[in-house]
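Asks: Mind looking over this structure? Questions follow.
The values are calculated or read from the model by the stated rules, or taken from the named source; none is laboratory data. Just so we're clear, the structure is a prediction, and the values are computed from it rather than from any experiment. Every residue, glycine among them, receives a Cβ derived from its backbone with ideal geometry; neighbour counts consider all protein chains shown.
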Amino acid sequence: MALRRRDRILIFKLSALLSLVRWYNIFFLALAQYLAVLFVLNEPSDWRTILLDPSVHAIVFASLFSVAGGYIINNFYDLEKDLINRPNKTLYEKILRQSTALRLYILFTLTGLALGIYVSFNVFLFFAAFNFSLWFYSHKLKKITFLGNFMAAILSITPFFAIFLYFRLEDLVILTYVSFLLLVIFIREIIKDLEALKGDVILGYPTLPVVLGLKRTKWLVAVFTFSGLIPAGAIFYKVGFVGIAYYLALGLAGLFFSAGLLALAEKKEHFYYLNYLYRIMIIGGIISLIWV
């Protein structure tokens, strides 16, 4: 039986919303948080107790709603640039009217705060600061050279610290590992700016590629790639070549391989594929939490 027109429109709007909030990123964020809770912050044998703790789920879903709201407000401020860099996807997402998107942003933000206050006042304050930072990044910080990339990377891993706050994590090895993931995410943000160079030039966004040029930005990425040896070396020294060290070895190899490909990259398509290569490294880092 064919779907009625009203049902088809509803499906299209739901699909546009999922695209708008980057459902795949939200999925991997939830996966990362649950893996961290099960394998890093607690004994895996206690999985039943952990999964029956409503506060754990409240923190995870507070993160998801907050990040979804962050994507919506970021798209709102980036509409002009997105119409240049990815017109087809942006026009598809515009099936949702801006007024509807903004109402959903408010709803998701308030839901995240409500879930935070359910856990504790400290967690509520954490998510209040996180949601404000997401808005402030989209409104102001994103257009500041270098700082915008750095804040995007920081905000990407910030939800982990809600989990760390709840379980009172003070493990130096875990924090060092997170710093390595932060570096990979930060480099990916620079690659995304290289991919979006056309729109940034037209609209006058002072991103690193616009300010430094293509060649100097590539050299900067090379410097950050070599800096990955610092957290990796610290973990190798602390725990030896076991468990998480295998991912770090693969991650370092991936960083240097990607830097080599970047040296040869010239077209937007090249940066598009490099962006996905860094995404694969980040996903690998999430899954490898099992061995931390």
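Asks: Tell me, please, whether a residue that is outside any helix (DSSP H, G or I) and outside the structural domain of Ser120 (by TED's automatic domain parsing) can be found in segment 3-26.
Replies: yes
Asks: Further question on the same structure: Does Ile191 count as over 16 Å from Ile84 (Cβ atoms), in contact (Cβ under 8 Å) with a residue 60 or more places away in the chain and within 23 Å of the chain's Cα centre (by Cα)? First the steps, then the outcome.
Replies: Working: over 16 Å from Ile84 (Cβ atoms): yes; in contact (Cβ under 8 Å) with a residue 60 or more places away in the chain: yes; within 23 Å of the chain's Cα centre (by Cα): yes.
Taking the combined requirement at face value, the residue satisfies it.
Asks: Check Phe160 against each of (1) crowded, with 16+ Cβ neighbours inside 10 Å; (2) among the aromatic types (Phe, Trp, Tyr); (3) more than 19 Å from the chain's Cα centre (by Cα) and name the one condition it does not meet.
Replies: Single failed check for Phe160: (3).
Asks: Sort out which residues of segment 102-124 are surrounded by fewer than 21 Cβ atoms within 10 Å (Cβ to Cβ) and either in contact with a Pro (Cβ under 9 Å, 6 or more places away or on another chain) or under 28 Å from Leu194 (Cα atoms) (or both), and write them in order of number.
Replies: The answer is Tyr118, and nothing else.
Asks: Out of curiosity, is Phe124 part of a helix (DSSP H, G or I), in contact with a Gly (Cβ under 8 Å, 6 or more places away or on another chain) and not hydroxyl-bearing (Ser, Thr, Tyr)?
Replies: Yes.
Asks: For the structure I just gave you, tell me whether Ile84 is within 25 Å of Asp193 (Cα to Cα), out of contact with any Cys (no Cβ under 6 Å at 6 or more places or on another chain) and buried (at least 21 other Cβ atoms within 10 Å of the Cβ).
Replies: No; evaluated as a whole, the condition is false for this residue.
Asks: If we keep just the residues of segment 17-34 that are surrounded by fewer than 18 Cβ atoms within 10 Å (Cβ to Cβ) and in contact (Cβ under 8 Å) with a residue 60 or more places away in the chain, which is nearest to Phe167 (Cα to Cα)?
Replies: The qualifying residue nearest to Phe167 (Cα to Cα) is Leu31.
Asks: Considering only segment 60-93, state which residues are more than 15 Å from Lys142 (Cα to Cα), over 18 Å from the mean Cα position of the chain (by Cα) and either in a helix (DSSP H, G or I) or in contact (Cβ under 8 Å) with a residue 24 or more places away in the chain (or both). Steps first, please.
Replies: Taking segment 60-93 as the starting set, the residues that turn out to be more than 15 Å from Lys142 (Cα to Cα) are 60-69, 83-93.
This time we only want the ones that are over 18 Å from the mean Cα position of the chain (by Cα), so: 83-93.
Of everything in segment 60-93, those that are more than 15 Å from Lys142 (Cα to Cα), over 18 Å from the mean Cα position of the chain (by Cα) and either in a helix (DSSP H, G or I) or in contact (Cβ under 8 Å) with a residue 24 or more places away in the chain (or both) turn out to be Leu83, Ile84, Asn85, Pro87, Asn88, Lys89, Thr90, Leu91, Tyr92, Glu93.
Asks: Touching a Ser or Thr at 6+ places or on another chain (Cβ under 9 Å), in a helix (DSSP H, G or I) and without any contact (Cβ under 8 Å) to a residue 24 or more places away in the chain: does that describe Pro159? Break it down stepwise before answering.
Replies: Working: touching a Ser or Thr at 6+ places or on another chain (Cβ under 9 Å): yes; in a helix (DSSP H, G or I): yes; without any contact (Cβ under 8 Å) to a residue 24 or more places away in the chain: no.
Answer is no for this residue.
Matching residues to (1) at pLDDT below 80; (2) farther than 25 Å from Tyr34 by Cα:
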residue	(1), (2)
Ala222	no, yes
Gly228	no, yes
Pro231	no, no
Val239	yes, no
Val242	yes, no
Ala265	no, yes
Lys268	no, yes
Met281	no, no
Ser288	yes, no
